[in-house]
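Single-structure report; data block below.
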Amino acid sequence: MKTAAGPAREGEAPAALVGHPLLDQALWTRFRAAETPEAFTAAWLALQCRQVEGAAAGVLVLGEPDIGPFRPAAAWPEPAAVSPLLSAAAEEALRARQGLATPADGAGGERCVAAPLLLEGRVVGVCAVARAAGANAARALRALQWGAGWIVALRRRRQMAADAEMQSRAAAAFDLLGVVLEHKKSKAAATALATELARRFGCDPVSIGFRRGGHARIEAVSHAARFEARMNLLRDVGAAMDEAIDQRALILWPLREGADFRVTRAHEELAAAHRAGAVLTLPLSVDGEPFGAIVLERPGAQGFDQATVELLDAMATVVGPVLAEKRANDRLLVAKVAESATEQARRLLGAGHFGRKLATLGAVALALFL
């Protein structure tokens, strides 16, 4: 196999057009040993540029399929600023959705080749390489297109991993929903849920409360016997619930760096009083209106990682409406009748429901006539 050498860089072998058996061993080892997407893409781009005759610089741009935003994920040689001409070639390939070879800085200077990366017909990125004049453009473009499969495979694996994680999260959320559905009464359902959450996620305790009279009232606590005589601690939990419900947001304490601002005074006091290492409060909502919350406490230095927070948030979204319905069914018959009458009066006297108003007016007119 013939090898055409390009300009050498300090500390680096000359760029060359070679087959896979003769790829630079250090780069190939780095590529195979990559443990993060960043390391993988950087090694891949270096290997791609090694296969392009006369390669001077390269950039790999990635983004969400078809919609972006598309941003540089790797540049070669490292570190390197992406030139405007290389960026223009990448943007043009993205727009055209096909490989292209364009002049970079006028006749006789460097030229660019760029190839889009397609995953199931959708553009996930583009690779662009600036090369010396006189190099074979078709061969360079073909090398980029052949190598694109590695990045597409990486994106596919990441998508499969994300799908698998989402399915696992949904399965866990519905398992916990099953715990709630096993009980008819809201208190029994909340107690079973609190106990199961404490067991699964290593929390001590887990508290579930519903809002009544403008404040959260504790409905169920895991390890309930241990906390019955410590009502001041339960008041701390109720204050933390109110803090999350008032802000209509999940609250994790201690706050992570870069997290959205939240008022966490009640959570800090709760953690200090209970000697908890981390506190997570999840509002319970139905039709977008919070009516309660779940507070999970972890002892010691053990906190809640992002995957656990997302799983518990999904669980709260699923079980919230079910707990609300069980609470509504637990009320006395007279309370249900009063609520129904109030709702009907609101529909009759409030905005909208023109048909209902017209029918009522007709019935009243007929009664007066008779």
When restricted to Phe304, Phe261, the only residue among the aromatic types (Phe, Trp, Tyr), part of a loop (DSSP other than H, G, I, E, B) and open to solvent by 70 Å² or more (accessible area, probe 1.4 Å) is Phe261
With the first residue restricted to the range 64-77 and required to be on the phi < 0 side of the Ramachandran plot and at pLDDT 85 or above, and the second required to be part of a loop (DSSP other than H, G, I, E, B) and of a type in the set (Ser, Thr, Tyr), Cβ contacts under 8 Å at 6 or more apart or on different chains are none
When every residue in the range 264-283 that is in a helix (DSSP H, G or I) and open to solvent by 10 Å² or more (accessible area, probe 1.4 Å) is compared, the one nearest to Gln306 (Cα to Cα) is Glu268
Given (1) of a type outside the set (Val, Ile, Thr); (2) farther than 23 Å from Arg298 by Cα; (3) buried (at least 24 other Cβ atoms within 10 Å of the Cβ), Ser207 misses just (2)
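The rows are residues; the columns are (1) open to solvent by 50 Å² or more (accessible area, probe 1.4 Å); (2) among the polar types (S, T, N, Q); (3) closer than 25 Å to Ser83 by Cα; (4) part of a helix (DSSP H, G or I).
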| site | (1), (2), (3), (4) |
| --- | --- |
| Val129 | no, no, yes, no |
| Leu141 | no, no, yes, yes |
| Trp146 | yes, no, yes, yes |
| Leu154 | no, no, no, yes |
| Ala164 | yes, no, no, yes |
| Arg169 | yes, no, no, yes |
| Ala173 | no, no, no, yes |
| Leu177 | no, no, no, yes |
| Val180 | no, no, no, yes |
Quick check on Ala164: is it over 30 Å from Val61 (Cβ atoms) and not polar (S, T, N, Q)?
no
Any chance the range 51-59 includes a residue that's assigned to a helix (DSSP H, G or I), crowded, with 17+ Cβ neighbours inside 10 Å and at negative phi?
yes
Of those in the range 182-191 that are outside any loop (DSSP other than H, G, I, E, B) and either touching a residue at least 24 places away in the same chain (Cβ under 8 Å) or at positive phi (or both), the residue surrounded by the fewest Cβ atoms within 10 Å (Cβ to Cβ) is Lys187
Looking across the range 12-50 at residues that are at pLDDT 80 or above, part of a helix (DSSP H, G or I) and of a type in the set (S, T, N, Q), the single one that is nearest to Cys127 (Cα to Cα) is Gln48
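The values are calculated or read from the model by the stated rules, or taken from the named source; none is laboratory data. All values derive from a computational prediction rather than experimental measurement. With ideal geometry, Cβ positions are generated from the backbone for all residues, glycine too; neighbour counts draw on all protein chains shown. These area figures cover heavy atoms from the full protein model, side chains too; ligands, DNA and RNA do not enter into them. Shrake-Rupley method; radii C 1.70, N 1.55, O 1.52, S 1.80 Å.
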